[in-house]
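For reference, the structure is listed below as structure tokens.
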């Protein structure tokens with residue numbers, strides 16, 4: 001996602017700063033994703049409701065695509081947080097279960113977690129909700145591959 | 001364009017256009033960029049979903065009140081998408097009264113050189129008796 005970011009030492013990886021950087025550019029910038037919170041192996045991002053991201057004009061429900069993009073970004077950042085450094089990587093696959101449609105006008109929160117890393121692969125999971133974490137709108141699972149020399 | 005499925009606002013947000021087939025085209029641009037010079041995985045996934053849903057809607061064309069809702073999607077990313085048009089098309093594996101199983105594929109230069117694919121399960125709501133089942 002951000003292979004132009006210079007690799008840093010563990011102490012250098014700042015999820016707040018990196019989220020701000022990747023959110024200022026390209027697709028993430030167009031979506032308007034922003035930082036909410038993070039822990040040792042997770043991060044939460046927010047995606048505000050916008051009419052141009054709607055997938056069903058009749059109901060005003062957000063399209064599923066922006067949810068995937070949000071979760072791709074959140075889980076990707078979670079791998080770097082867990083590793084304590086930036087490493088170039090590519091998404092291998094991502095599965096999303098759409099538990100229900102997001103309620104129109106509500107901000108969607110994407111919680112991404114990296115629960116296992118190997119030398120080349122990072123395993124991630126996460127969920128998205130629109131206000132109540134106990135009533136999620138989507139669950140995701142995926143893998144990333146480190147693409148740098150190793 | 002009469003024979004092509006209509007796109008939701010999100011499809012226009014990604015800059016997608018639909019051609020006969022239906023074939024879906026997403027030009028490269030800043031709004032779909034991930035890391036510099038490459039298409040964002042989320043935008044690719046969005047294109048694949050638009051192709052999957054659009055192709056099912058096309059198959060349901062003529063059925064008044066038919067609607068679809070995504071249940072889940074699995075996206076495989078095979079190659080980085082470069083700074084050029086990305087195309088996508090989908091195959092409806094099964095269209096039932098309640099469920100549609102769809103596969104969608106995305107490529108750039110050559111249709112056989114896929115950059116991503118998706119398998120999508122959709123909930124279908126259609127008028128009684130319209131499906132095969």
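Fewest-first ordering of A:13, B:77 by other beta carbons within 10 Å of each residue's beta carbon gives A:13, B:77.
One Cα centroid belongs to segment B:1-48, the other to segment A:91-123; the line between them spans 21 Å.
Can you give the FRET efficiency to the nearest 0.05 for residue B:76 and residue A:106, using r as the Cβ-Cβ distance and R₀ = 25 Å? With R0 = 25 Å, the Cβ-Cβ based efficiency is 0.25. Placing pseudo-labels 7 Å out from each Cα toward the beta carbon at residue A:14 and residue B:111 gives an inter-label distance of 5.0 nm. Computed from Cα atoms, the angle from the helix A:64-83 axis to the main principal axis of chain A rounds to 30 degrees. Rg/Rh for segment A:10-146 (Cα atoms only, Rh after Kirkwood) is 0.96. The equivalent ellipsoid that matches the C-alpha gyration tensor of chain B spans semi-axes of 27, 15, 12 angstrom, in descending order.
A simple spin-label model places the labels of residue A:57 and residue B:93 3.2 nm from each other, with each point 7 Å out along Cα-to-Cβ. For chain B, relative contact order (Cα pairs under 8 Å, six or more residues apart, normalised by length) works out to 25 percent.
In chain A, the calculated helix contribution to ellipticity at 222 nm averages -7000 deg cm²/dmol per residue, counting -39,500 (n - 2.57) for every DSSP H run with n ≥ 4.
Peptide packing for A:96-104, B:105-113 was compared via the average number of neighbouring C-beta atoms within 10 Å per residue; ordered from the highest value, the list is A:96-104, B:105-113.
Shielding of peptide A:67-75 by partners, expressed as the average count of other chain Cβ atoms within 10 Å per residue Cβ, is 5. Computed FRET efficiency, Cβ-Cβ of residue B:67 and residue A:50, R0 25 Å: what is it to the nearest 0.05? It comes out at approximately 0.65. Here the peptides A:22-35, B:84-97 are ranked by packing, the mean other Cβ count within 10 Å, and the order with the highest first is A:22-35, B:84-97. Take the Cα of residue A:21, go 7 Å toward its beta carbon, and the backbone nitrogen atoms of segment A:80-106 under 15 Å from that spot belong to A:80-81, A:84-89. Scoring A:126-136, B:48-58 by mean Cβ neighbours within 10 Å over their residues and listing the highest first yields B:48-58, A:126-136. Note: relative contact order over segment A:10-146, using C-alpha pairs below 8 Å and six or more positions apart, is 24 percent.
Remark: spin-label model distance residue B:23-residue B:125 equals 3.4 nm, labels positioned 7 Å along the Cα→Cβ axis.
Using the Kirkwood radius over C-alpha pairs as Rh, can you work out the diffusion coefficient of the protein assembly as shown via Stokes-Einstein at 10 °C, viscosity 1.306 mPa s, in µm² per second?
Rounded to a whole number, D works out at 84 µm²/s.
From other protein chains only, count the Cβ atoms within 10 Å of every residue's Cβ in A:47-59, then give the mean. Before the final figure, lay out each step's value.
Values: counts 0, 0, 0, 3, 3, 6, 6, 4, 11, 7, 3, 2, 2.
Taking the mean over all residues of the peptide, I get 4.
Computed from Cα positions, the angle between helix B:41-59 and the longest principal axis of chain B comes to roughly 30 degrees.
No value in this document is a laboratory result; all are computed from the given coordinates. These figures come from a predicted structure and were not determined experimentally. With ideal geometry, Cβ positions are generated from the backbone for all residues, glycine too; neighbour counts draw on all protein chains shown.
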